[in-house]
Amino acid sequence: MLNPNHTGSRVRQRRTALGRKQADLARAIGISASYLNLIEHNRRGIGGGLLNAIARELQVEPGELVDGVSADLARELRNAADGHAEAMLEIDRLEEFVGQFPGWSALLAQMNQREKGLEHTIETLSDRLTHDPFLSASLHDVLSTVTAIRSTASILAETPDLNQDWLSRFHRNLNDDGERLARGAEALVRYLDEGGEARKTTGATPADEFDAFLKANQFHFAVLEDSDDVAEILQAAPDLVTSAGHSLAETYLQRYVQDRSMLPLDAFAQAARTEALDPAKLALQFGVDLLTVFRRLATIPKERLGFDVGLVLCDGSGTLTYRKSLTGFSLPRFGAACPLWPLYQALARPGTALHQVVEIAERTPQRFITYAACQTSLPAGFSGPEVRSTAMMFFPVEALPSGYPMPGGQIALAGPSCRICPRVGCVARREPSVLNDAF
Amino acid sequence: MRKHVLLVEDEANIIEALRFILQRDGWHVSSHSDGATAVDVMSSEPPDVLILDAMLPNRSGFDILRELRDTDATRELPVLMLTAKGQTKDRELAEQYGASAFMTKPFANAEILETVRALAG
């Protein structure tokens, strides 16, 4: 009787693909070569222990021998072939292809998936540029203001007999529009630099998803204050779309749990208030390192401390790996931050703790108390590379109660990043500011 | 009697500049800045030419244009549509919904005057 499922044919294909002789396989599974020959020509059915033994010897799942190519792999390969006339002509030989070249088949399916993923990313980024509601509204606003300026300026230039009333109105309008244009352009540049409301850009990059996830939770996870259930939070996070974004969040939450276990919310928040947030005293009191204190302070809700604590982390290359910005202290989306931040001074001097007041040049300059430190580790052992982790936490001077201890020394002048920093004459400037040069 | 141009635009300083150049050219100019009630304004005082911004508060200019083209009284009304430069899709929509002319911001005063004169016949 013929086996209509062609299980035998798949056994034969797989065996020959592995370069095994029929007699050798028959011996290994304890049947005669002639019986295996009947099976391979679909003249005998197989199942149960014999099927499992053959599958084990041929290093495949039993289901793949019975059902042929796994459904997922077959779907992916059909998808890859779709639109390629030559491949479609051979589509009925798909099982034979997979049977003979399982490695190449898996690679082809994987590359097809990757191609789809890249297409999706391109579409998302393209869509963001053309349909992002904030960008669209901002560009319209900027262009409308430019239109008003252009029309008004033309009238002033082309109408020498303009009466005083119109003259005054148009001068006032020009002044208002100039101011508005500067504000609009600055907001636009800042949005592009920071990645905007990352929540609206879900899917753009894993880092965007991670940022959106943190912002949506205001950097505090109440569930994790008395539970270790990271999975529960991840499952309920709409911003985490890609596996890479999910992985970033999972790593962060696991560290959050570790930090919380060493620095319980109530005791730590109370101590932080008592010690005026001095990270060195807190680290000593709780027996942890400075960076752990920095990270934990940035997760404490504002109402517990009376103000928000910002935090930025970077790796040995200076790339920002974590960003919790505060009003008046923007953190650029990419690594091109201000080289004058204490963060980078700490990076260059591992083991040194820095405590400074920094004035950040924005439209309205604001002063922040900063703490920065760099720690080194040897995760691959003593002979492995040294890995540097640097952190800077900061909070606004104006939010502090009177009598709050202030660091001594000069106030350091810095900015967000050169591109959007209006500071004139900065010795560390690496590129012109679009704000100064354009306006 | 002077011909009437209605400006439906939410940018006050654009309205003021356009009002000045159009009035100086002999037009009666009125303006409205809310998309939601723009069509009502037109039915009470129909203009000879409508200058319509694409992006308005409460209702888009394209939506207004579509309603005008679906209404007998305004089906033939000359409409100059204003959109932001570089928005290719806006231009396509303006054509699709039946704008008589299309201009991107920022525009020159002379351009807008010429277009309004041409639309009024």
Item to check | Residue among A:304, A:295 that is in contact with a strand residue (DSSP E or B) (Cβ under 8 Å, 6 or more places away or on another chain), surrounded by 14 or more Cβ atoms within 10 Å (Cβ to Cβ) and not polar (S, T, N, Q) | outcome: A:295
Checklist entry - In region B:58-114, how many residues are of a type in the set (Val, Ile, Thr) and within 14 Å of chain A (Cβ to nearest Cβ)? => result 4
Item to check | Pair list, Cβ under 8 Å, 6 or more apart: region A:175-195 residue assigned to a helix (DSSP H, G or I), other residue among the polar types (S, T, N, Q) and at pLDDT 85 or above | outcome: A:176/B:13; A:177/A:145; A:177/A:152; A:177/B:13; A:180/A:145; A:181/A:145; A:184/A:145; A:194/A:325
Checklist entry - Among all residue pairs at least 6 apart or on different chains, which show Cβ distances below 7 Å where the first residue, located in region A:77-92, is under 14 Å from residue A:115 (Cα atoms) and the second is surrounded by fewer than 16 Cβ atoms within 10 Å (Cβ to Cβ)? => result A:81/A:88; A:81/A:91
Next on the checklist: Every residue in region B:7-29 that is farther than 24 Å from residue A:158 by Cα and away from chain A (no Cβ under 12 Å), please.
Outcome noted: B:8
Item to check | Looking only at region B:33-73, and only at residues there that are surrounded by 19 or more Cβ atoms within 10 Å (Cβ to Cβ) and not aliphatic (A, V, I, L, M), the one that is farthest from residue B:100 (Cα to Cα) | outcome: B:35
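The values are calculated or read from the model by the stated rules, or taken from the named source; none is laboratory data. On a predicted model such as this, the values are computed, not experimentally measured, just so you know. Heads up, the Cβs are rebuilt from the backbone with ideal geometry, glycines too, and the neighbour counts pull from every protein chain shown.
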